[in-house]
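Report on the following structure.
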Amino acid sequence: MAAATAPRGRIETGRDLFEAIQTGLGPEAHRHWGVDPPGTRDRVIAGGSYRAIGALVDGFRAGDSDVPVTGIVVTARASTLVLQKAIELGANIVISRSAFYGDSQDRPVARPEPALAEKIELIAAHKLVVLRLQDARTGPAGVGIATALPTAIGLRTGRKIGNLADGLVYATPPIAVLAVVRRIKAALPTQTVRLVGDPALRVSGIAFATETNRPNAITPLIARPDVNLLVCGEVHETETTPYVMDSIALGQRKAMLVIGSIAMEEPPARKLAAWLRTITGSVTYVPANEGLIDVV
């Protein structure tokens, strides 16, 4: 996919890297902004926040973006284990597909609890820089990253539904939900795929929730007449799950797979790392452990 690569330039600092990524992957399909005034949420639970309304979700979330790049780690989530691996590799830039501060908007807090405090200290002590990069992007390479999971399980025929950030919809020859589960488990490092619906149901339209677990974003996907199966990372279990259950009870041929938000980001992280190697050196993909196991 050579036409989708950014021109090789001098990438010396974290800021240079982010600019090259923005150029090479294209603009965001939908820019996600901070929604809470500074401190509104954290004043109660932790004592303060620096993220204000208007701050983009994608961007540098820790460290000095002007430091020289010594190496790059790309991961689904910048967990402490991933940060430790970056230190071991001599990499100082960590690109995280997901939030890593324990808050969906990566808002550091003034009085963090002990585990988060130690994580922040680890980042500072080793002069790491963490770049959050999750929003779907609309250039050819950006689309390739956003669609990495469907591609990994053999889906090719996508249907344009509007904004890439609203989700992905694929047509497929009829296939049993159980067969889709097996493909997903082969493609992802997860033991915890959960199903609402009949595993024997044969589906011909599969939707993927790309960026959100909000019911008002997920429900329009599963409600589409050309979609039988929704694949998502997480859901509001008091809203989305009952909606799918009600649809099934009313005779609609619907099912939903909940596969875990971190696991869902592994194929895009792997694809992003591969693309980055076309524009700069010393890039390592490090899998993130979702931390969930199936207890029987």
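Listed values, structure above:
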item: Cα→Cβ-extended label distance, 7 Å offset, between Arg156 and Ile293, nm; result: 3.9
item: Whole-Hz ³J(HN,Hα) from phi, Karplus 6.51 cos²θ - 1.76 cosθ + 1.60, for region 59-74, glycine and proline x; result: x, 6, 10, 7, x, 9, 5, 8, 6, x, 7, 9, x, 10, 10, 10
item: Region 207-283, accessible surface, carbon-and-sulfur percent (1.4 angstrom probe); result: 55
item: Positive dipole terminus of region 238-290, leading residue within Ala249, Met264, Thr278 (C-beta point charges); result: Thr278
item: Amide H contacts of Ala136 (H built 1.01 Å from N, under 5 Å, at least 5 apart or other chain); result: Ala29, His30
item: FRET E, pair Thr80, Arg111, Förster distance 22 Å, beta-carbon r, rounded to 0.05; result: 0.70
item: Antiparallel DSSP beta bridges within region 159-296, percent to nearest 5; result: 60
item: Out-of-range pairs (alpha-carbon distance over 20 Å; input Lys185/Lys271; Lys85/Lys127; Lys119/Lys185); result: Lys119/Lys185
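The values are calculated or read from the model by the stated rules, or taken from the named source; none is laboratory data. Since the model is a prediction, treat every value here as computed from it, not as a measurement. Quick reminder, even Gly has a Cβ in these numbers, built from the backbone with ideal geometry, and neighbours come from all protein chains shown. The protein model used for the area step is the full one, side chains on, heavy atoms only, and it has no ligands, DNA or RNA in it. Shrake-Rupley method; radii C 1.70, N 1.55, O 1.52, S 1.80 Å.
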